[in-house]
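What follows is a single structure, written as structure tokens, with notes after it.
The values are calculated or read from the model by the stated rules, or taken from the named source; none is laboratory data. Just so it is clear, the structure is predicted and the values come from calculations on it, not from any experiment. When we count neighbours, we look across all protein chains shown, and the Cβ atoms used for this are built from the backbone with ideal geometry, even at glycine. Remember, those area values only see protein heavy atoms, side chains included, never the ligands or the DNA or RNA. Shrake-Rupley method; radii C 1.70, N 1.55, O 1.52, S 1.80 Å.
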Amino acid sequence: MDLQTQLEELKRSTQEKLAQMTHEHARDMQDLRVQVLGKKGSLTELLKGLKDLSNDLRPVIGKQVNEVRDVLTSAFEERAKLIEEMAIQAQLEKESLDVTLPGRQFKLGNRHILSQTCQDIEDIFLGMGYQIIDGFEVEKDYYNFERMNLPKDHPARDMQDSFYITEEILLRTHTSPVEARAMDQHDFSKGPLKMISPGRVFRRDTDDATHSHQFHQIEGLVVGENISMADLKGTLLLISQKMFGEDRKIRLRPSYFPFTEPSVEVDVSCFKCEGKGCSVCKKTGWIEILGAGMTHPSVLEMSGIDSSKYSGFAFGMGQERIAMLRYGINDIRGFYQGDSRFSEQFK
Ligand code: DAH
């Protein structure tokens with residue numbers, strides 16, 4: 001084969017190979033380029049044959065060699081550009097966005113039912129001008145018991161055994177110590193003290209469907225001049241109706257708490273059977289919701305409050321109990337297990 005034909009053949013075969021290169025052959029194309037146009041490539045090899053040609057043929061073929069080199073160089077460049085576009089196109093196809101696909105569902109959380117219940121109660125009291133006061137979960141025996149009229153040897157302490165940090169420091173067994181702390185702080189020359197205090201409390205107890213060693217209460221306290229049992233009753237009726245329905249009635253039964261005198265247990269008329277008797281109210285028509293009473297004069301005096309001038313009422317309710325009644329929850333443990341199937345029912 002003469003040199004001219006070989007050149008033509010090299011050009012043709014290279015172009016043919018190039019035409020088949022896609023973005024998946026970037027490497028092969030690189031190799032081909034070196035093979036054909038490289039320093040030791042086919043074209044250089046053919047160039048060596050020039051010296052054997054006649055004087056009149058040499059410039060002709062020489063020119064042809066250059067032409068082939070130019071043609072192939074730009075052919076490689078063009079193909080490289082094309083391959084780059086192909087690669088981008090392929091990437092785009094892989095990542096293509098199908099706008100008709102349904103959107104991804106985001107799982108929206110919701111407030112825990114206890115927080116929700118607490119906030120509902122807070123809103124009612126805020127509306128009546130109460131302040132919300134935070135207490136300490138780790139409390140002194142002094143505030144938890146003594147200031148609540150439960151001295152060291154008082155038998156009523158047995159009902160509220162706790163987790164002791166030291167002999168004098170414990171996990172509070174109720175939110176009542178906040179009453180003492182609030183009274184200590186309050187300036188009665190500026191008006192009555194009206195406060196609620198929600199929070200976590202602790203007791204040495206065995207956990208079951210209705211008991212937990214940790215639970216939540218809301219304490220309430222009003223101290224001022226001429227505060228009477230009628231104020232307590234009106235307040236409790238209002239909260240009961242707001243929480244359990246406008247038609248609710250309440251009933252006070254005599255009870256005993258060391259920090260109130262007189263003390264009462266408060267029942268609300270059953271919202272399920274309207275008082276006829278059902279499983280919720282255990283066939284009595286009434287459901288116990290909280291303890292309350294008129295603040296014991298000694299409790300006032302321990303805060304330096306003149307009990308002949310001032311009087312007060314207090315109440316304490318269990319948040320879990322209110323929520324369980326309101327939403328028909330029958331196992332207290334559901335509140336603490338963090339199972340989303342529980343939480344999602346209260347969206
Ligand atoms: N502290 C009581 C308890 O945990 C609840 C209670 C009853 C609070 C009567 C009060 C009250 O303020 O007046 O069992």
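Some notes on this structure:
- Based on Cα contacts under 8 Å between residues 6+ apart, the chain shows a relative contact order of 14 percent.
- Using θ = phi - 60° and Karplus 6.51 cos²θ - 1.76 cosθ + 1.60, couplings along the stretch 16-32 (whole Hz; Gly, Pro as x): 5, 4, 4, 4, 8, 6, 10, 5, 7, 10, 3, 5, 4, 5, 4, 4, 4
- Counting only protein heavy atoms and using a 1.4 Å probe, the accessible area of residue 227 comes to about 30 Å².
- Under 5 Å between amide hydrogens, built in the peptide plane, is the criterion, and for residue 259 it picks out nothing among residues at least 5 positions away or on other chains.
- Here's the list of lysines a cross-link from residue 233 could span, going by alpha-carbon distance under 30 Å and ignoring same-chain residues fewer than 8 apart: 190, 194, 242, 249, 272, 276, 282, 283, 309.
- Whole-Å distance, taken between Cα centres, linking the stretch 1-51 and the stretch 250-328: 99
- Computed on the stretch 192-347, with alpha-carbon pairs under 8 angstrom and 6+ residues apart, the relative contact order is 25 percent.
- Along the stretch 6-13 the Karplus relation, 6.51 cos²θ - 1.76 cosθ + 1.60 evaluated at θ = phi - 60°, assigns HN-Hα couplings of 4, 4, 4, 5, 4, 4, 5, 5 Hz to successive residues, with x for each Gly and Pro.
- Magnitude of the charge dipole for the stretch 239-347, about its Cα centre and with charges confined to Cβ atoms of Lys, Arg (+1) and Asp, Glu (-1), is about 460 debye.
- Between the amide H of residue 169 and those of 141, distances stay under 5 Å, these residues lying 5 or more places away or on another chain, with hydrogens modeled in the peptide plane.
- Once the Cβ-Cβ distance of residue 344 and residue 288 is raised to the sixth power relative to R0 = 25 Å, the FRET efficiency obtained is 0.25.
- Prolate/oblate/rounded label for the stretch 215-347 (Cα gyration tensor, a/c 1.5): prolate
- Net charge dipole size for the stretch 202-250 [Lys, Arg +1 and Asp, Glu -1 on Cβ; Debye, nearest 20]: 80
- Highest to lowest packing among 211-223, 168-180, scored as the average C-beta count within 10 Å: 168-180, 211-223
- Helix-only CD estimate at 222 nm, as mean residue ellipticity for the chain, using -39500 (n - 2.57) per DSSP H run (n ≥ 4): -12500 deg cm²/dmol
- Close amide H pairs (under 5 Å, H built 1.01 Å from N) link residue 286 with 270, residues at least 5 positions away or on another chain.
- Net charge of the neighbourhood of residue 136, taken over other residues with C-beta under 14 Å away and scored Lys/Arg +1, Asp/Glu -1, is -3.
- Applying the Karplus relation 6.51 cos²θ - 1.76 cosθ + 1.60 with θ = phi - 60° to the stretch 317-332 yields 3J(HN,Hα) values of 10, x, 5, 4, 4, 4, 5, 4, 5, 5, 10, x, 8, 10, 9, 4 Hz, where x marks Gly and Pro.
- Estimated at 0.36 nm per residue, the fully extended path between residue 15 and residue 66 surpasses their Cα-Cα distance by 16.8 nm.
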